[in-house]
Protein chains: 2
Amino acid sequence: METSTLNTPPATLSSDLLQKIDAYWRAANYLSVGQLYLRSNPLLKEPLKLQHIKSMLLGHWGTTPGQNFIYTHLNRVIKQYDLNVIYVSGPGHGGPAVVAGTYLEGTYSEVYPDISQDEDGLGKLFTQFSYPGGIPSHASPQTPGSIHEGGELGYSLSHSFGAVLDNPDLIVACVVGDGEAETGPLATAWHSNKFLNPITDGTVLPILHLNGYKISNPTILARITHQELEQLFRGYGWNPLFVEGDEPMAMHEAMAAALDDAIEQIRKIKTGDAHSRPRWPMIVLRSPKGWTGPKEVNGHKIEGNFRSHQVPLAVSASTPPEHLQMLENWLRSYHPEELFDENGKLSAGLAELAPKGERRMGANPHTNGGQLLTDLRMPDFRQYGVPVPFRGAGGEGDTFVCGRFLRDIIRQNQHQRNFRIFGPDETVSNRLDAVLEATNRQWNATVEPADEFLAGDGRVMEMLSEHQCEGWLEGYLLTGRHGLFNCYEAFIHIIDSMFNQHAKWLKACREIPWRRDIASLNILLTSTVWRQDHNGFTHQDPGFIDHVVNKKAEIVRVYLPPDANCLLSVTDHCLRSRHYVNVIVAGKHPAPQWLNMDEAVAHCTRGIGVWDWASNDRNSEPDVVMACSGDVPTLETLAAVTILREHLPELKIRVVNVVDLFKLEKNTEHTHGLNDHDFDTLFTTNKPVIFAFHGYPWLVHRLTYNRVNNSNIHVRGYKEEGTITTSFDMTVLNEMDRFHLVMDVIDRLPQTGSKGVYLKQQLMDKLTEHKQYICTNGKDMPEILNWKWSEETKTN
Amino acid sequence: METSTLNTPPATLSSDLLQKIDAYWRAANYLSVGQLYLRSNPLLKEPLKLQHIKSMLLGHWGTTPGQNFIYTHLNRVIKQYDLNVIYVSGPGHGGPAVVAGTYLEGTYSEVYPDISQDEDGLGKLFTQFSYPGGIPSHASPQTPGSIHEGGELGYSLSHSFGAVLDNPDLIVACVVGDGEAETGPLATAWHSNKFLNPITDGTVLPILHLNGYKISNPTILARITHQELEQLFRGYGWNPLFVEGDEPMAMHEAMAAALDDAIEQIRKIKTGDAHSRPRWPMIVLRSPKGWTGPKEVNGHKIEGNFRSHQVPLAVSASTPPEHLQMLENWLRSYHPEELFDENGKLSAGLAELAPKGERRMGANPHTNGGQLLTDLRMPDFRQYGVPVPFRGAGGEGDTFVCGRFLRDIIRQNQHQRNFRIFGPDETVSNRLDAVLEATNRQWNATVEPADEFLAGDGRVMEMLSEHQCEGWLEGYLLTGRHGLFNCYEAFIHIIDSMFNQHAKWLKACREIPWRRDIASLNILLTSTVWRQDHNGFTHQDPGFIDHVVNKKAEIVRVYLPPDANCLLSVTDHCLRSRHYVNVIVAGKHPAPQWLNMDEAVAHCTRGIGVWDWASNDRNSEPDVVMACSGDVPTLETLAAVTILREHLPELKIRVVNVVDLFKLEKNTEHTHGLNDHDFDTLFTTNKPVIFAFHGYPWLVHRLTYNRVNNSNIHVRGYKEEGTITTSFDMTVLNEMDRFHLVMDVIDRLPQTGSKGVYLKQQLMDKLTEHKQYICTNGKDMPEILNWKWSEETKTN
């Protein structure tokens, strides 16, 4: 059992250094309590009075002293071993700790000169915390050195692993709260060690902060036996080093010894045999929640109890007067007079404990990834274009085509090592298999002979956890690299909440001048709702884009390319873009192709447009607009147009295809939105619009509710009807098939008269026939399968 | 190390029983392959021809033989020990196994008489699988004995634990796939054993099915050392029993021994000392993926490889002719002629292996929970009503009031033991603490002196994992009980995808006559977007209701009670309802109260209505409709009305409050929807509607896009602006505050003339003043904090 416990204190620290480390920690704790409470009198130059106290006391104390302890000790080893370390605060609501740490090392004042290293700056530092017009209480984007806010718990380890990929010298010290450790995403993230390459990737040093309590409950990991806890982490493949106790001096010794031990183990692994999976070290820090805070308030235990979670001691005009004195005693227990000079500057003896320059965790460039971001080397996507000899020519599967483009992006950036593809064991299923011609799936656990495409070094990261894929990719992007997440459409909802947090992070960064834009988060959704032939209803949910559109317009983009050439154009655009979340929805099955490459580029550049070759309304107002967005809706719309033009040739039909979904929204709401004039030009102001949409139909209404022609827009889409059946039958079940679309037109155009009535009856008979056919034959009727765009329309 | 390995085979089974068990397993495997491939010739009475093969081969073979193996062995112990066992199939895409198991035991034919136990029935059983008009390929609601479809992976263990709560005699045999085991939710679900009460709850027997592969990758748990694997599960607190191998007869012996061992351990725990946390047994079954299937096809390894994941052998007119013979050989390798008589009935000697009646896992009533569902004993919610002496009287916090109602529901159902509250350590934070007067938080790990409300038996289940809370509750409901999930509003998105799957399950059940309705899934969202004073932007997302409304109208309900009495009425309604997902959004902070109990009941029963006491448009058309939904929007709307009535008294204002969100949708879309006449009567057909909404404003547009007055509806809501600030400032940042609402009215009513222009200027000055005030004082201006509805309007 390799542990560093208090029973065998190693003499790691000299007496002088021990005293200084403790003083530095006290300084951080003092600054933390100051942030929670004080609006003036920051150096306690006069006795504390109520007028010095904020009117609203908001923040989290419980985790903070432990994080200050860790930050202080990390500073020592960074300096001693000249390490490249960043700090990820899983319990990021302990924002005061990260703010205090970066302030003491000088980073904070460099980024925010107004928060200077003097009494005036201290006052502002305290006042701004958790205050209107000030800063959030978490390790938010406003906090230098942070790539992880920690507002929503569960993703610290995944972010950390993403950060160290292809950063061989980087160590991410990741503090995992024992509350956070109960979440699912965190519980599986420990397994990330089966993927890391010890030579080409960096190191994650998890520090499980076992402070024992959540908001009002104990934590599970604090209430199992020491033996179980150790077995758990050894079972996860780690080598846990234990630092346990509450007496500061002994704990400083133990922590220093554990960190020295960990750094030595890491060094051995990094310089050792790369061909076996290493057992990386981790630290389990068991320290009291709210350590060094009030022991007891109003008869309740505070330190070492859940009651220290937020502000542990209420101080206001309506609380008992002794509370003010308790707060003053608490603050003075850190002896600020020993720590800061009379101008409020950290004493020189202590300031030298912090690393210098970019070695400071708050100034490490990896934490402001845009600084390090290099453009991808991009092959010309046009060269991957597929020939489209005629409209509706058979395709190979749109994502399959895109796979070849991605393959060569991997090849061209093999040297830069700044592009990766992430997916939950679906990269092949999603038909991006071409990428495996250029690279492998990175994997560091056992390999057996019949395995395929597994290697210690590879650009594809696959684990059956959407949370991990998303978390790894976010960490990779936040530290200045590029990537793509490919996922079954239905199951991307698993990371809805992670998307929320990332989109909020991006939005907040936009408002912070020193934060540099990072590469976009690109999500390629396939295996879509319309083609779940063997998985059925559980695999049908196109609603992620509904979720996405609620976030800030300057952050989110949604694309629905109708064929392979359009997908290539869109993918190229997304991979070059910055600071967005791009969602691309595309098909993987062989499907008809519509546009040659030049047309596709022109169409995707506009994002929306009339398909003249499918329309017959030239130089006039149409009788009806047939709009479509998504591959299957486009197919059904064009098939419907064929029927209409054959049977009702006098109708003037305009076909509009939408690639960039936000074109539908007003330009006042989204920068991609059409202005009213352009929208009305496309969709008319008074003609029926039959819109076949890839997703839930209401999304189109939500985007177009304030357009002039809104009341004439009739949308067909997925309305939660589905099971195991043919692809075409899926459209029938949801009334988005060609026959229903034609009937929708007839219903809205009385001028189709008896011809329309007769056609409608024929189509209803056809639907009955179809249903019987598939139940007998288990597949679609040949006339459905073999349908082709009928006109002589060569693609230029 | 307690393991049952092949090195020491115990003689558990007599030779006769061993042969029979193997034959029964072969029968299940034969039925499984038949489901994947055959449309006729089900007993292979003639040589296999292409015309006997389905035209589309869809399904998953890889997991199926292992699940057949488990099901067969469970049958033996159920019979031998007279156990009450249900089967949860984590890899539920191995639907053929559950269908085969329930068919062989007779359940399937009882539920679906057309699928009879004869040649004709066999033919239909085979044809229907994964076929248009047939059944899905998963352990779907159509499958008797299933409470878990397994389409989306990760929730099998949580469902299983939910199922055994308060079912002391029940054993849930939960097959966990090693792919599923990589998901976050599953990785943390192993910790559920820290909550189970060994006396009052039942037993979960996890069977980790280590078949080694996912779709195209190996699994992590199959590629770590045996020592690590054992440490991991011992660290999770389990006692793993290993069954490993591929030789059927030895594996039967090993599995039988392991199950006997597990049952004996369970018996000891159930009859032992309830005061210490037991170490429950689990089984690790390491068997080849696609066991007994083709060894090799086209030079590729199939059995024991990822290539057996789906249909391992393609057979059609376009595949090599020898494939047909390989399939026939494969089918005949099970010796169907020994298993079924010439009429296709399972031989009597084998049929007797299955349990009888409700002991059959497919017929266990717990798997059709509605059969067991008992109404809750409900106290009269009216008695918890708060007095509202005047409009806007101060409240205690709406959820705080509701907590007392929930407390007494717990008390009244203490004996029935069929109601539980679930939450991620937020029940107190969400101010439902009154429930802890009646019960405790169930917890079976270590307890320390300063802990509060922890006990081995309690009605509140708290773990910091929204996935676990949701999964436990779903399992509890699916087995015929009642419950409530309370959650921070923003973080309910963590279970978006679980909600999807549950809503789909409920929808599918509605179409299956033998499935009985279960209690509704009730989700109480609080700690809402508008009141995140100390958590800020990361904790602000009201979009779960946007997500919910995409699901089938017959399943989903959304309520936004504006005050405590309304919340009581809504909660009562939801807890009595069946087969819905009810989402209730309510405030927890002290806030103004508007309706006395009689008014609240009347208002909530209608779901939407004019608040006459706040309106001044009696007997006439209003000039403007001020609509509101949610507690904070209601407050701001009424404050705006006060300003309007003071400064522009000639305006006729109608106030409409919306509790039941679906009232806004058309009655043709949702059964709760208003018809056009009623909607137009409330909202007029041509007057401006200023709508203050709790959530993202576009949701109101999505629901009302096809109303006559649509273009006059102007919605204010959360538009993704927020940080740490005061509650009122949050409304200002999103322009939903009283001042902006008044300005919205003025902008839309030119008749307000110069008075309007002047008022608008005053309000803009007020907003500037407010911003300065809060930045200086850290709290809202007194006139905001102390605002009261001004009229002399006693509540009857």
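The values are calculated or read from the model by the stated rules, or taken from the named source; none is laboratory data. Just so we're clear, the structure is a prediction, and the values are computed from it rather than from any experiment. As a convention, Cβ positions derive from the backbone with ideal geometry for all residues, glycine included, and neighbour counts pool all protein chains shown. Side chains included, ligands, DNA and RNA excluded: accessible areas come from the protein's heavy atoms. Shrake-Rupley method; radii C 1.70, N 1.55, O 1.52, S 1.80 Å.
Can you give the average number of partner chain beta-carbon atoms within 10 Å of each beta-carbon in peptide B:440-452, as a whole number? List each step's numbers first, then the result.
Working: counts 0, 2, 0, 4, 1, 9, 6, 2, 6, 2, 9, 7, 7.
Other-chain Cβ atoms within 10 Å of each residue's Cβ, averaged: 4.
Can you tell me how the protein assembly as shown classifies by the Cα gyration tensor, rounded, prolate or oblate, using a/c under 1.5 as the rounded cut?
On the way: a/c = 1.43, a/b = 1.12, b/c = 1.28.
In terms of gyration-tensor shape, rounded.
Looking at the protein assembly as shown only, what percent of DSSP beta bridges run antiparallel? Nearest 5 please.
Values: 23 of 147 bridges.
About 15 percent, rounded to the nearest 5.
Report the Cα centroid-to-centroid distance between the range B:266-338 and the range B:129-176 in angstrom, as an integer.
If you average the Cα positions of each part, the centres end up 19 Å apart.
Diagonalise the Cα gyration tensor of chain A and give the resulting equivalent ellipsoid semi-axes, square root of 5 times each eigenvalue, largest first, whole Å.
On the way: eigenvalues 662, 166, 98 Å².
Ellipsoid half-lengths, sorted descending, are 58, 29, 22 Å.
Please compute, for peptide A:235-243, the average count of beta-carbon atoms on other protein chains lying within 10 Å of each residue's beta-carbon.
What the average comes to for A:235-243 is 3.
DSSP loop trypsin sites (Lys or Arg not before Pro) in the range B:354-388 with at most 12 other Cβ atoms within 10 Å of their Cβ, which ones? Intermediate results must be reported in sequence, preceding the final value.
On the way: sites: B:Lys356, B:Arg359, B:Arg360, B:Arg377, B:Arg382; in loops: B:Lys356, B:Arg360, B:Arg377.
The qualifying sites are B:Lys356.
So what is the 222 nm mean residue ellipticity for the protein assembly as shown from helices alone, if each DSSP H run of at least 4 adds -39500 (n - 2.57) and you divide by all residues, rounding to the nearest 500 deg cm²/dmol?
-11000 deg cm²/dmol
Given Cα positions, please report Rg to Rh for the range A:54-196, the hydrodynamic radius being the Kirkwood one.
Numbers: Rg = 15.7 Å, Rh = 15.9 Å.
Ratio of gyration radius to Kirkwood radius for the range A:54-196: 0.99.
Where Rh is the Kirkwood radius over the Cα pairs of the range A:649-796, the temperature 37 °C and the viscosity 0.692 mPa s, what D in µm²/s does Stokes-Einstein return? Walk me through the numbers on the way to the answer.
Details: Rh = 17.3 Å.
D, rounded to a whole number, is 190 µm²/s.
Is the range A:15-367 rounded, prolate or oblate when judged by the Cα gyration tensor, a ≥ b ≥ c being the square roots of its eigenvalues, rounded requiring a/c under 1.5 and prolate requiring a/b larger than b/c? Can you show the working numbers first?
Numbers: a/c = 1.86, a/b = 1.47, b/c = 1.27.
Prolate, since a/c reaches 1.5 and a/b exceeds b/c.
With charges only on Cβ, +1 for K and R and -1 for D and E, what is the dipole size of the range B:381-585 about its Cα centre, in debye, rounded to 20?
Working: 22 positive and 25 negative charges, 225 e Å.
So the dipole magnitude of the range B:381-585 works out to roughly 1080 debye.
Under a Cβ-only charge scheme (Lys and Arg +1, Asp and Glu -1), can you give me the dipole magnitude of the protein assembly as shown about the Cα centre, in debye to the nearest 20? Walk me through the numbers on the way to the answer.
Details: 146 positive and 190 negative charges, 217 e Å.
Computed charge dipole of the protein assembly as shown: roughly 1040 debye.
Considering Cα pairs under 8 angstrom that are at least six residues apart, work out the relative contact order of chain A and quote it in whole percent. Numbers along the way, then the final one.
Working: 1692 pairs, mean separation 90.6, N = 796.
Relative contact order here is 11 percent.
Per the 1.4 Å probe, what fraction of the accessible area of chain B, in percent, lies on carbon and sulfur atoms? Don't jump to the answer; show the numbers that get you there.
Working: 11880 of 23440 Å².
The C+S portion of the solvent-accessible surface of chain B is 51 percent.
Alpha carbon centre of the range B:96-127 versus the range B:461-485: separation in Å?
32 Å
Going from most exposed to least, what order do A:Lys771, A:Lys301 have by accessible area with a 1.4 Å probe? Intermediate values should be presented prior to the final figure.
Details: A:Lys771 80, A:Lys301 100 Å².
Sorted by accessible area, descending: A:Lys301, A:Lys771.
More than 22 angstrom separation, counting every C-alpha pair in the range B:469-562; what % is that?
Values: 1355 of 4371 pairs.
Cα-Cα pairs in the range B:469-562 separated by more than 22 Å: 31 percent.
Calculated FRET efficiency, A:Trp514 and A:Thr671, Cβ-Cβ r, R0 22 Å, to nearest 0.05?
For R0 = 22 Å, the calculated efficiency reads 0.40.
If you average the C-alpha positions of the range B:676-745 and of the range B:365-440 separately, how far apart do those two centres end up, in angstrom?
The distance from the Cα centre of the range B:676-745 to that of the range B:365-440 comes to 32 Å.
Can you sort B:Thr225, A:Thr726 by solvent-accessible area, 1.4 Å probe, largest first? Please report the intermediate quantities before stating the final value.
Numbers: B:Thr225 70, A:Thr726 10 Å².
The most accessible residue leads, giving B:Thr225, A:Thr726.
Among A:Gly423, A:Met463, A:Leu477, flag the residue with its Cα farthest along the positive direction of the charge dipole of the range A:404-493, charges on Cβ as +1 for Lys/Arg and -1 for Asp/Glu.
Farthest towards the positive pole: A:Leu477.
Relative contact order for the range B:15-367 using alpha-carbon pairs under 8 Å, separation at least 6, rounded to a whole percent?
Relative contact order for the range B:15-367 comes out at 25 percent.
With charges only on Cβ, +1 for K and R and -1 for D and E, what is the dipole size of chain A about its Cα centre, in debye, rounded to 20?
Values: 73 positive and 95 negative charges, 135 e Å.
Roughly 640 debye, rounded to the nearest 20.
For the range A:91-97, in order, what is each residue's ³J(HN,Hα) by Karplus, 6.51 cos²θ - 1.76 cosθ + 1.60 with θ = phi - 60°, in whole Hz (x at glycine and Pro)?
x, x, 5, x, x, x, 5
Shielding of A:495-507 by partners, i.e. mean partner chain Cβ atoms within 10 Å per residue?
Numbers: counts 4, 11, 12, 2, 1, 10, 5, 0, 2, 9, 2, 0, 3.
What the average comes to for A:495-507 is 5.
Antiparallel versus total DSSP beta bridges in the range A:381-585: what percent is that, nearest 5? Mind showing how you got there, number by number?
Values: 1 of 25 bridges.
Just about 5 percent of them are antiparallel.
Would you please classify the overall shape of the range A:541-584 from the alpha carbon gyration tensor, given that a ≥ b ≥ c denote the square roots of the eigenvalues, rounded means a/c under 1.5, and beyond that prolate means a/b larger than b/c while oblate covers the rest?
Working: a/c = 3.26, a/b = 1.27, b/c = 2.56.
Because a/c hits 1.5 or more and a/b fails to exceed b/c, the range A:541-584 counts as oblate.
Taking the label point as lying 7 angstrom from Cα along the Cα-to-Cβ axis, what are the distances from A:Asn298 to the corresponding position in the remaining copies, in ascending order and in nanometres?
Between copies, matching label points for A:Asn298 lie 7.2 nm apart.
Between A:Arg606 and B:Glu621, what FRET efficiency comes out of the Förster formula 1/(1 + (r/R0)^6) with R0 = 51 Å and r the beta carbon distance, rounded to 0.05?
Given R0 = 51 Å and the Cβ-Cβ separation, E is 0.70.
Tell me, what is the 1.4 Å probe accessible area of A:Val388, in Å² to the nearest 10?
Its accessible surface works out to 10 Å², give or take rounding.
Placing the label point 7 Å from Cα along the Cα-to-Cβ direction, what are the distances from A:Ser15 to the equivalent spots in the other copies, shortest first, in nm to one decimal?
8.3
For labels at B:Glu110 and B:Ser333 in the simple 7 Å Cα→Cβ model, what's the distance in nm?
3.4 nm
Share of antiparallel DSSP beta bridges in chain B, in percent to the nearest 5?
Working: 12 of 74 bridges.
For chain B, the DSSP antiparallel bridge percentage is about 15.
Could you give, in nm with one decimal, how far B:Asn667 is from each other copy of that position, shortest first, with labels 7 Å out from Cα toward Cβ?
4.3
With an 8 Å Cα cut-off and a minimum separation of 6 or more residues, compute the relative contact order for the range A:668-796 in percent.
On the way: 109 pairs, mean separation 23.0, N = 129.
Value for the range A:668-796: 18 percent.
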